[in-house]
Structure formats: C-alpha cells, structure tokens
Amino acid sequence: DAGVIQSPRHEVTEMGQEVTLRCKPISGHNSLFWYRQTMMRGLELLIYFNNNVPIDDSGMPEDRFSAKMPNASFSTLKIQPSEPRDSAVYFCASSLLWEGHNEQFFGPGTRLTVL
Amino acid sequence: AQSVTQLGSHVSVSEGALVLLRCNYSSSVPPYLFWYVQYPNQGLQLLLKYTSAATLVKGINGFEAEFKKSETSFHLTKPSAHMSDAAEYFCGGGGADGLTFGKGTHLIIQP
C-alpha cells in the first residue's frame, strides 16, 4: 500500500488566494483526519470524518476553512481566502473505523506558505 | 475531552543513555494513549499505544511506556539512546472526538 497520499507537498501562495489541499487515505480506511502543525500551537486536529461524514469540525479555525470528503478515497481541505497566519504544515491521517484506539496513519504533509 | 501535557519541549541525552520523555493525561474516562514519532520532514509514525490491556506497553525501536493511573502519566522510555532516535515525539490521547496531541518533545542525542 502506498500509504496516505497528500498533494501538493509544498504550496506557496499570496494572501487572499484560495488554497486546496488534497488527501487520499489508505484503501479500506473509513476515518480521515486533518491536522495543522505550527511551532506556536503544535499539532491541532481540525476535522475528522467517519464514512465520509464530518463528525467533529470544532477544530476548524474559522469560516475560511472548509473540508469535504466526497467519497471514501478522497478529501480536500480548502482555505479561502488564505492569510499569512495560515502558514503551517497540514497533515492528513486515516484510520480503520476510528473508535479512539485505532492507529492513525499519517501522510507526509503539505507545507503551506502564505505570503 | 482528553488532554495531554508533555513536560519539556527539548530533551538532550548522550548516546547510550536512558531516554525518558514525560507525558501526563487528563481524562474522566479510561483513556487510549499513544506515542508517535516524527522524523524531519515526515508525517507521524506510531511508536506504541495503550488500550488498557497491559500497563507496560512495548513499542517499536526499543521504546516502551508505562501507564500509571495514580500519577495520570504515560512516560516513554528507552534504555539506551541511539543517534537515530533523534526526532520529535508526540504523546496523544484518543477519544470519540478524535486524537489530541501534546506540544511535542524534541529529542536530541549527543554523541
């Protein structure tokens, strides 16, 4: 298995632009998570899905952030409009039916820089 | 909700010395606890997890962690540090609302 796939690996954009991050979970996994990692705040859970349905989006910082999972093999995290404080590494992780104790498998991350 | 606290953002040990990374949790229900490792420019990788089966949990790369309910702790240890252990280590608590991580501890190995 190729593991969790994220694209792009690096993204540099200007303030105000729309940014879309993509994630392909491990085949057969039905829970998907989006995290943001910064030096100041560490690793934060933004949102997670079970069976393509958003379960908890309380970590999404504001309305500029949105996430979708149209099918079991694809998810997007969109920031519109982007701001410099959104600069971070964004990780996607997947798990086999999250019940609190299953291992999460992380992708390599997308490093986002907003100028 | 679960919360975890890692004591020490940086820990430095000599090669061959004992590694001890501290993690305390806060929860009103029996927790699921994890340790993940992050190597530079990579995602997180599971080291070990506690799911109430045994209080001493053995993981990969010679690491282990002991769940101590009386101390609400889940410290990570390794008897002898190796240069390849240099990385960022995250303690996490799992629950129905997802996985909550501590701020991370950067482990530095001195030759």
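The values are calculated or read from the model by the stated rules, or taken from the named source; none is laboratory data. Note that the structure is predicted; figures quoted are calculated from it, not measured. Because the Cβ atoms are built from the backbone with ideal geometry, glycine has one as well, and the counts that use them run over all protein chains shown. These area figures cover heavy atoms from the full protein model, side chains too; ligands, DNA and RNA do not enter into them. Shrake-Rupley method; radii C 1.70, N 1.55, O 1.52, S 1.80 Å.
Name the single residue, out of those in segment A:1-55 being among the β-branched types (Val, Ile, Thr) and in contact with a Phe, Trp or Tyr (Cβ under 7 Å, 6 or more places away or on another chain), that is farthest from B:Phe101 (Cα to Cα). I'd like the intermediate steps shown before the answer.
Just the residues of segment A:1-55 that are among the β-branched types (Val, Ile, Thr), to begin with: A:4-5, A:12-13, A:19-20, A:26, A:38, A:47, A:53, A:55.
Filter once more, so that each one left must be in contact with a Phe, Trp or Tyr (Cβ under 7 Å, 6 or more places away or on another chain): A:4, A:26, A:47, A:55.
Values: A:Val4: 20, A:Ile26: 22, A:Ile47: 14, A:Ile55: 18 Å.
The residue in question is A:Ile26.
Sort through A:Pro70, A:Pro81, A:Pro108 and tell me the only one that's more than 22 Å from B:Phe34 (Cβ to Cβ) and either assigned to a loop (DSSP other than H, G, I, E, B) or among the β-branched types (Val, Ile, Thr) (or both).
Working: A:Pro70 fails: either assigned to a loop (DSSP other than H, G, I, E, B) or among the β-branched types (Val, Ile, Thr) (or both); A:Pro108 fails: more than 22 Å from B:Phe34 (Cβ to Cβ).
Selected residue: A:Pro81, the only one of A:Pro70, A:Pro81, A:Pro108 that is more than 22 Å from B:Phe34 (Cβ to Cβ) and either assigned to a loop (DSSP other than H, G, I, E, B) or among the β-branched types (Val, Ile, Thr) (or both).
Give segment A:1-57 a look and list any residue that's β-branched (Val, Ile, Thr), under 21 Å from A:Leu97 (Cα atoms) and open to solvent by 30 Å² or more (accessible area, probe 1.4 Å), or say none.
Residues satisfying the conditions are A:Ile5, A:Val53, A:Ile55.
For B:Ser80, which of the numbered conditions (1) surrounded by fewer than 20 Cβ atoms within 10 Å (Cβ to Cβ); (2) of a type in the set (Ser, Thr, Tyr); (3) closer than 25 Å to A:Thr38 by Cβ fails to hold?
(3)
Is it the case that segment B:66-77 has a residue that's more than 13 Å from chain A (Cβ to nearest Cβ), buried (at least 21 other Cβ atoms within 10 Å of the Cβ) and either polar (S, T, N, Q) or touching a residue at least 40 places away in the same chain (Cβ under 8 Å) (or both)?
yes
Given (1) touching a Phe, Trp or Tyr at 6+ places or on another chain (Cβ under 9 Å); (2) open to solvent by less than 20 Å² (accessible area, probe 1.4 Å); (3) aliphatic (A, V, I, L, M), identify the lone condition not met by A:Met60.
All conditions pass for A:Met60, except number (2).
Which condition from (1) within 21 Å of B:Leu33 (Cα to Cα); (2) open to solvent by 40 Å² or more (accessible area, probe 1.4 Å) is the one that A:Ser94 breaks?
Every condition holds for A:Ser94 apart from (2).
Look through segment A:1-25, keep the residues that are more than 10 Å from every other protein chain (Cβ to nearest Cβ) and modelled with pLDDT under 95, and return whichever of them is farthest from B:Tyr39 (Cα to Cα).
A:Asp1
Consider segment A:45-61. How many of its residues are without any contact (Cβ under 8 Å) to a residue 40 or more places away in the chain and among the aromatic types (Phe, Trp, Tyr)?
Looking only at that region, the number is 1.
For segment A:84-103, which residues satisfy the criterion of being closer than 22 Å to A:Met39 by Cα and assigned to a loop (DSSP other than H, G, I, E, B)? Working first, answer last.
Applying the first criterion (closer than 22 Å to A:Met39 by Cα) to segment A:84-103 yields A:84-93.
Within segment A:84-103, A:Ser87 is the sole residue that qualifies.
Which one is nearest to B:Phe34 (Cα to Cα), of the residues in segment B:87-108 that are charged (D, E, K, R) and either at the interface with chain A (Cβ under 9 Å from one of its Cβ atoms) or in a loop (DSSP other than H, G, I, E, B) (or both)?
B:Lys103
Does B:Gly92 qualify as being buried (at least 18 other Cβ atoms within 10 Å of the Cβ), at positive phi and in contact with a strand residue (DSSP E or B) (Cβ under 6 Å, 6 or more places away or on another chain)?
no
Going through segment A:97-110 one residue at a time, which ones are at the interface with another protein chain (Cβ under 7 Å from one of its Cβ atoms) and open to solvent by 10 Å² or more (accessible area, probe 1.4 Å)?
Within segment A:97-110, A:His101, A:Glu103, A:Phe106, A:Pro108 meet the criteria.
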